[in-house]
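Scroll down for the structure; my scribbles are underneath it.
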2 protein chains.
Amino acid sequence: MTDDKLDLPDEDAREDEDYSLDRDLVHEVLDAVEAEDASRLDALLEPLHAADIADLLEQIGPGDRGELVRLWSSEIDGEILSELDEGVRAEVIAELPSDVLREAVRDLYTDDVVDLVEDLEEADQRTILDALEATDRVAVEQALSYPEYSAGRLMQRELVTAPEHWTVGQAIDFLRAQDELPEQFYHVILVDPRMKPVGYVTLGKVLSARRAVPLAEISEDSFRTIRVTQPDKDVAYAFNQYHLISAPVVDEDDRLVGVITIDDAMAVLDEEHEEDILRLAGVGDESSLSDTVIEATKGRALWLFVNLLTAILASVVIDLFSDTIQTLVALAVLMPIVASMGGNAGTQTMTVAVRALATRDLTAQNAWRVIRREVAVGAINGLAFGLLMSIIAGFWFGVPMLAVVIGAAMLMTLIAAALGGIVIPMALERLKIDPALASGPFVTTVTDVVGFFAFLGLASVVLL
Amino acid sequence: MTDDKLDLPDEDAREDEDYSLDRDLVHEVLDAVEAEDASRLDALLEPLHAADIADLLEQIGPGDRGELVRLWSSEIDGEILSELDEGVRAEVIAELPSDVLREAVRDLYTDDVVDLVEDLEEADQRTILDALEATDRVAVEQALSYPEYSAGRLMQRELVTAPEHWTVGQAIDFLRAQDELPEQFYHVILVDPRMKPVGYVTLGKVLSARRAVPLAEISEDSFRTIRVTQPDKDVAYAFNQYHLISAPVVDEDDRLVGVITIDDAMAVLDEEHEEDILRLAGVGDESSLSDTVIEATKGRALWLFVNLLTAILASVVIDLFSDTIQTLVALAVLMPIVASMGGNAGTQTMTVAVRALATRDLTAQNAWRVIRREVAVGAINGLAFGLLMSIIAGFWFGVPMLAVVIGAAMLMTLIAAALGGIVIPMALERLKIDPALASGPFVTTVTDVVGFFAFLGLASVVLL
C-alpha cells in the first residue's frame, strides 16, 4: 500500500526459501557498488551474517569484488575472511589496508587464525602473523608446527578444566569466579594432577546436579581423547560415529593440549565429502567456483590425460580386431554399448566400495562376502541386460550369432566390472593410495579392455 | 612376558589405528558365538560403544548375526538399535523377545524413537509404538505426522526455556531447582509470553555472567529459528553455514515446538553427502553394504537401463556412418577415444555444477560467469588434447586428414561436454528435479552423440 517501505534485507533474507542468497539483494549491492554509495552498501550488508557476506563476495565478479572491498574495507572483519574460499580470500586480503587487516585478525580465536593463514602464500601468512599480538602469534605458530590436516591444526587452546576430585559446587564457584571464559564451551574437562584428561562433564549436568556431587560421578560415558597428530578426517569420523560434542586433544604424553568442538568436526566432514565427490569425478579436489580458467583447466587436465591413455589402450584392443570389423561393420556400431554398460556398472560398484571404505563399513572381515555379493549382482544384471541386448541386436541386424555374441560379452563385461569395481579400491586402500582419487582410471581400463575384447574376440571366433 | 594377559577389548580398541573395528576382536566374537559362550560374548562386547557394536553386527554374516542376537538379546538396547542400518535393524528387531524390545525403546528419547521407527514397515512400527508409554507414544506419533525428512522429524521435544526478561540469577536458580533436565542441552532458549523464541544464551555464558545481568544482554548474535516443516537437508546446511550449535524449531505461528542440536544436523549432512555421491554414480541412494543381492541388483538396474538407452542412441548415430567406417576401419578404432574423453570432461563439469548447486554457490547471479568459464576450460582442454590426439593418430595410421578430423572432433566434443555439464544440472534444478540423480544420463547422451557425430560426420565429409 505504501511506496516508502524500506526494503533492507533482514536476518531472515535467506530463510524464506532454502538459504540461497536473495537475488534482488545482490543486485542492490552491485548497484550501490557502481554508485560508490558506501552508506547504502553498509545498510545492505551490515545485517547479513558473515558467511552470507562471504558467499556474496564469492559470487560477484572479480571487478565488482575489488570495488566492493575498497568501498567497504573498514567493515571487513576476521569472521568474513574466515568464511571466504582460499582464492578469493587472498584477493581480499591483498586489497585491505594493513590496519584493517590487523584489526580483523586480532578479533579471531587462534584456531580461526590458523584456519585463515594455513592455506595462504608465505608472504601473506607473514603479513597476518605480524599483525597478531606476540602471545597469539606464538600460539598460531605452534599450531602451524603440527602436520597439515591434523587435530593440532583444528583444536582450540582455550580450555575449561577442573581437577578430577572436585565437586559440582567447587566447579560452579570456580567458573563464576573466572574473569573470562571461552566464548563457546560445553563441557568441563576433568584432569588428573599431570594434566591428563580423565573425563568430562556437560555444563547442563553441572547446572542440574547438587553441589555436593563429585564431578567424576556425573561425567559422560562416551569420553574419548584425540591425539594431536591424528588426521582431521579421522577426528570428524569419530565425532560422527560416537556422537561427540567436544573432545579433549592430548600430546604424546597424554597431556591435555586443546579441545576440538563438533562445529569444527562438522566443517571437516563437509570438506572431506566434497573432496571425495570431486576426486571420484576426476576433478582436482581443491577446485572451487571462484578458480580462474587456468586453475580449473589444470585441475581437469591431469585426469583427462590419464583417461586418454586408458582410451588409447582400449583402441589398441579394437585395432587387433580391425579385420573382423571390416567384415561385419555392425560390430563397430554395437561395441560402444558393451563398453558403456561395463563402465557404468564398474562406476556403481566402485563408488559403493570407495564410500564403504571411507565409512569403515568394508573391512577385511566382510570383504569376501561383499565381493561375492557384487559379483552376483554383476552376473544377474549381466544376464538381464545381455538378454535384452541380444533381442535388440537380433531385431536390429538380423544376425542371430551377433545377438548371442553381444549377450555373452555383456555378461562377461558386467562380471568383470563388478570384480574390478570392488577389488581395485580395496587394493588401493591396502597400498595406502586414496581409492577415491585413483580407482576410476583402473576400473575404466578393466571395463573397456574386457568389454571390447570379449565382444570383438567372441565375434571373431564365432562369426568368421 | 606373561601368557595369561586378558585380551579383552578396551574402549580404545579402535583408536590405535583409524577407528576401524579390530579384526581380532571380530574373530573372538565369532568364536564365542560359535561356542555359544554367552558370558565370553558379554565380556567382549560390553566395553564397546553402541555404534561399534552396531558396526560389528552389520559386518558379520546374517547367520552369525542371528545367532549373536539370540545369545546376547538381553543386552541389546535402544542405542544399538538406533545405530543399525535399516535392513539389519529390521532383522534384529524381529529376533528380539518383546520384553527386551520394550525395554530398549523405553530407554530412548522420543527423537531417537522417531528415527528408529520411521523407516520400519507398518507392522514393526506398531510393535515399537505399542511398547512405549502412552505419553511417549503420543509424542512419537505427533513427530511422525510431520513430513518425512523435515525438521519436525529431527527435533527433540525436551526443551529448556526461560522468559526473556529473566536475569542470570533467576535462570540459575530455576535450572538448579529442576528435578530433571534433558540429558544434552547447551543453551537456554528465551521466549516471549506467547512461547515465541526470541534468542538463546549458552550455558557457558550463564555460568560466567553476574547474577544481576539480564539474559537478553548475553544472548547469542547468531540466533536463528527453524520452521518445523523445513527439509532436514536445509537444516543441515543452515547449521554448517551459520555455525549453529542448536536451534529452536517453531510452528507456523512462530511458537516454540522443539530444538535441533548440531549432532543431529551433522548426521543429516553426512547422509545427504552420501546420497549425493551414490546418486551421481547411479546407485540407489538407500543402498548399503548389508543390502541383499536382490536389493542391490534392483538398485543398480534402473540406472543401467537408462544407460542402455543412451548407449543405443549413440549406436544409432554410429550406424548412420557405417558405410564410412567400412571404408576406413581406423574410424572404428579411434571413435571410442573421442566419446570417452567427452564423457569424462562432461562428468567433471557436471560434478562441479551439482556440488555448487547443493552448496548454493552456483546461483542465477554467477551462472553466466560460470558457464563462460566452463566453456573456456572445455575449449582449452579440447585444443590441447585435440592436438595431442592428432599427433598420435597421425603416427598411428599415417592418414593426415584423419589426424585433423580427430583433433577437430575432440575440440567440439569437449566444448559440448562443458556446456552440457553445466547447463543440464542447472536446468534440472530449475525444474525441481534432483540434479545429482538425473544429470548423468543427459550429459552422457550429449557427449556420446556429439562425440560420434562430430568425429564420424567430419570424417565422412573430409575423407570420402
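Annotations for the structure displayed:
- Cβ-vector label at 7 Å, B:Asp173, separations to other copies in nm: 2.1
- Bridgeable lysines around B:Lys233 (alpha carbons under 18 Å apart, same-chain partners fewer than 8 residues away excluded): B:Lys432.
- For the stretch A:139-151, backbone phi angles converted through the Karplus equation (6.51, -1.76, 1.60; θ = phi - 60°) give residue-by-residue couplings of 4, 5, 5, 5, 4, 5, 6, 6, x, 4, 6, 10, 4 Hz, Gly and Pro being listed as x.
- Sorted shortest first, the distances from the A:Asp192 label point to those of the same residue in the other copies are 5.4 nm; each point sits 7 Å from Cα along Cα-to-Cβ.
- Backbone phi angles across the stretch A:368-384, fed through the Karplus curve with coefficients 6.51, -1.76 and 1.60 (θ = phi - 60°), yield HN-Hα couplings of 4, 5, 5, 4, 4, 4, 4, 5, 5, 4, x, 5, 5, 5, x, 4, 4 Hz in residue order; Gly and Pro are listed as x.
- The gain in end-to-end length when the B:Arg210 to B:Val293 segment is fully stretched comes to 23.6 nm, 0.36 nm per residue minus the alpha carbon separation.
- Net charge contributed by nearby residues that have their C-beta within less than 12 Å of B:Glu158 (K/R +1, D/E -1): -4
- For A:Glu122, inter-copy label distances in nm, listed shortest first [label point 7 Å out on the Cα-Cβ vector]: 7.1
- Selected from B:Leu411, B:Ile380, B:Ser315, residue furthest toward positive end of dipole (the stretch B:293-462; charges at beta carbon): B:Ile380
- Charge tally around B:Leu45: other residues with Cβ under 11 Å, Lys/Arg +1 each, Asp/Glu -1 each, net -4.
- Close amide H pairs (under 5 Å, H built 1.01 Å from N) link A:Asp119 with no residue at least 5 positions away or on another chain.
- When only alpha carbons are used to place a centre, the stretch A:410-428 and the stretch A:331-376 end up 5 Å from one another.
- Sparse-neighbourhood loop sites, GluC sites (Glu not before Pro) in the stretch B:242-305 - DSSP loop, at most 10 other Cβ within 10 angstrom: B:Glu252
- With contacts taken as Cα pairs under 8 Å at a separation of at least 6 residues, chain A carries a relative contact order of 10 percent.
- 10 Å Cβ shell holding at most 11 others, DSSP loop, trypsin sites (Lys or Arg not before Pro): longest site-free stretch of chain B: B:211-431
- Amide hydrogen neighbours beyond the local backbone of B:Thr167, cut-off 5 Å, H modeled: B:Leu215
- Panel order for A:Glu141, B:Glu180, A:Glu164, by other beta carbons found within 10 Å of each beta carbon, from fewest to most: B:Glu180, A:Glu141, A:Glu164.
- Reachable lysines, given that their alpha-carbon falls under 20 Å from the alpha-carbon of A:Lys205 and they are not under 8 places away in the same chain: B:Lys205
- Annotation: the antiparallel percentage among DSSP beta bridges lying fully within chain B is about 70.
- The stretch B:229-285 and the stretch B:147-203: distance between their alpha carbon centers, rounded to Å: 20 Å
- Long-range HN-HN contacts of B:Val191 with modeled amide H, under 5 Å: B:Ala162, B:Glu164, B:Val198
- Residue mean of other protein chain beta carbons inside 10 Å, B:179-191: 3
- The residues B:Met266, A:Met410, when put in order of fewest to most other Cβ atoms within 10 Å, stand as B:Met266, A:Met410.
- By the count of neighbouring beta-carbon atoms within 10 Å, fewest first, B:Ser73, A:Ser145 end up ordered A:Ser145, B:Ser73.
- Local electrostatic count at B:Val168 - Lys and Arg +1, Asp and Glu -1, tallied over other residues with Cβ under 14 Å: +2
None of the figures in this text is laboratory data; all of them are computed from the coordinates on show. Please read all numbers here as calculations on a predicted model, not as lab measurements. Every residue, glycine among them, receives a Cβ derived from its backbone with ideal geometry; neighbour counts consider all protein chains shown.
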